[in-house]
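Written out below as structure tokens is the structure these notes cover.
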Amino acid sequence: MDEHTGITEELAAYTDEVLAGADPAPPPSIEGEARIVRALNRLIGPATRPDAAFRQRLRRQLVVQWEKEHTAEVSRSARGRWRMWALVAGVAAVMLVIVVSTSARGDFGADVRGTALGAGVWVTFLALGALVGGVLWWRGRRR
Amino acid sequence: MSTDEALARRAQQGDREAFLALYDRYVDRVYRRICSRVPPQYAEDVTQEVFLAVFRSLQHFEHHARFSTWLYTIVNRQIADFYRRRTRHSDPTAISLTEVESELLVMPEAHERNDERALLQGIFAALPEHYQEIILMRFADGLTFNEIAGARGQSLEAVKSLYRRAIQAIRDAIGD
């Protein structure tokens with residue numbers, strides 16, 4: 001058993017009372033320690049609190065920081081989505097132009113029968129499709 | 001009531017109210033911990049730095065540690081930064097001094113005016129870390145001895161005994 005058990009218990013009880021806001025007379029055996037307890041209570045006890053105006057000001061500052069950060073995040077992601085749709089629309093437009101121009105010459109579909117020019121149209125389609133697929137896959141991995 | 005860790009997780013997922021709940025829960029404790037080491041006129045500035053640092057690094061909080069442990073690490077880092085900045089401005093050659101000596105160097109009032117607060121802060125900073133921590137848990141965090149025992153995984157008797165030794169160490173240092 002700790003030889004200081006009596007003092008230990010008295011000091012703990014005295015500290016509890018001081019921190020609860022009381023001002024008890026310390027037992028003679030812990031007078032020196034009691035002075036330290038009272039000094040610590042003045043330094044960092046429950047009555048030591050930041051000013052209410054400061055608390056509110058800092059809270060508002062954190063809200064502003066939070067909004068700034070999250071607005072930036074949302075706008076980054078919206079910008080990314082817009083770029084993606086622009087790419088898809090561009091590719092679709094190129095495909096449409098190819099289809100329309102080859103149909104106007106009346107040879108769309110002849111490609112499957114093996115002419116060099118017709119095969120080129122399908123190769124272009126495949127390349128564009130692969131490009132879009134590749135970009136989508138790459139963006140998915142980045143997220 | 002949500003645990004600190006649950007609030008931290010929600011804050012990491014973008015819940016602003018969870019972050020503010022953590023702020024409301026900890027602002028007084030953080031301020032008091034800072035007051036244990038920093039002159040009162042700078043305590044609000046350092047408190048502000050702490051919460052801005054928490055905001056910036058919240059995504060790095062990993063849930064295998066207690067939120068309070070992580071937060072108090074940031075508090076200690078910001079206090080050290082505060083003294084580094086002050087030491088740099090007051091005497092560039094003092095950089096090799098120990099942290100405690102540096103604190104006394106930038107707080108000459110501890111000697112000159114025999115100011116109780118500054119003297120106590122200087123002595124407190126020189127205490128072994130486990131003594132500092134038990135005093136902070138009881139005074140600054142407002143935990144009961146029972147709660148401290150639970151948090152530290154020690155018996156109530158061991159915690160009270162450690163507390164007595166910490167108080168007596170301060171008394172010895174003051175030369176009372």
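Things to note:
- Distance between modelled label sites at residue A:64 and residue A:131, nm, 7 Å Cα→Cβ extension: 4.6
- Whole-number Å³ per residue for the convex hull built on Cα positions in the range A:5-44: 56
- Percentage relative contact order, chain B, counting C-alpha pairs under 8 Å, at least six apart: 18
- Gap separating the Cα centres of the range A:10-26 and the range B:36-68, nearest whole Å: 30
- Averaged over the residues of peptide B:162-175, the number of Cβ atoms from other protein chains lying within 10 Å of each residue's Cβ is 4.
- Across peptide B:32-44, the average count of Cβ atoms from other chains found within 10 Å of a residue's Cβ is 3.
- Cβ-Cβ FRET estimate between residue A:49 and residue B:1, R0 fixed at 35 Å, reported to 0.05: 0.95
- From phi via Karplus (6.51, -1.76, 1.60), per-residue ³J(HN,Hα) for the range B:16-33 in Hz, x at Gly/Pro: 5, 5, 5, 5, 5, 5, 5, 4, 4, 5, 10, 4, 5, 5, 4, 4, 5, 4
- Size of electric dipole in chain B: Cβ of Lys, Arg +1 and of Asp, Glu -1, about Cα centre, debye, nearest 20: 300
- The average projected area of chain B, computed from the convex hull of its Cα atoms over all directions, is 11.3 nm².
- Per-peptide packing, taken as the mean over residues of other Cβ atoms within 10 Å, places A:40-53, B:145-158, B:38-51 in the sequence B:38-51, A:40-53, B:145-158 from highest down.
- Three-way shape label, the range B:127-176, alpha-carbon gyration tensor, a/c 1.5: prolate
- Relative contact order %, the range B:127-176, counting alpha carbon pairs below 8 Å whose residues are six or more apart: 43
Rule-based calculations on the coordinates, nothing more; no lab input. Keep in mind it's a predicted model, so treat the numbers as computed, not measured. Cβ: placed from backbone, ideal geometry, glycine included. Neighbour counts: every protein chain shown.
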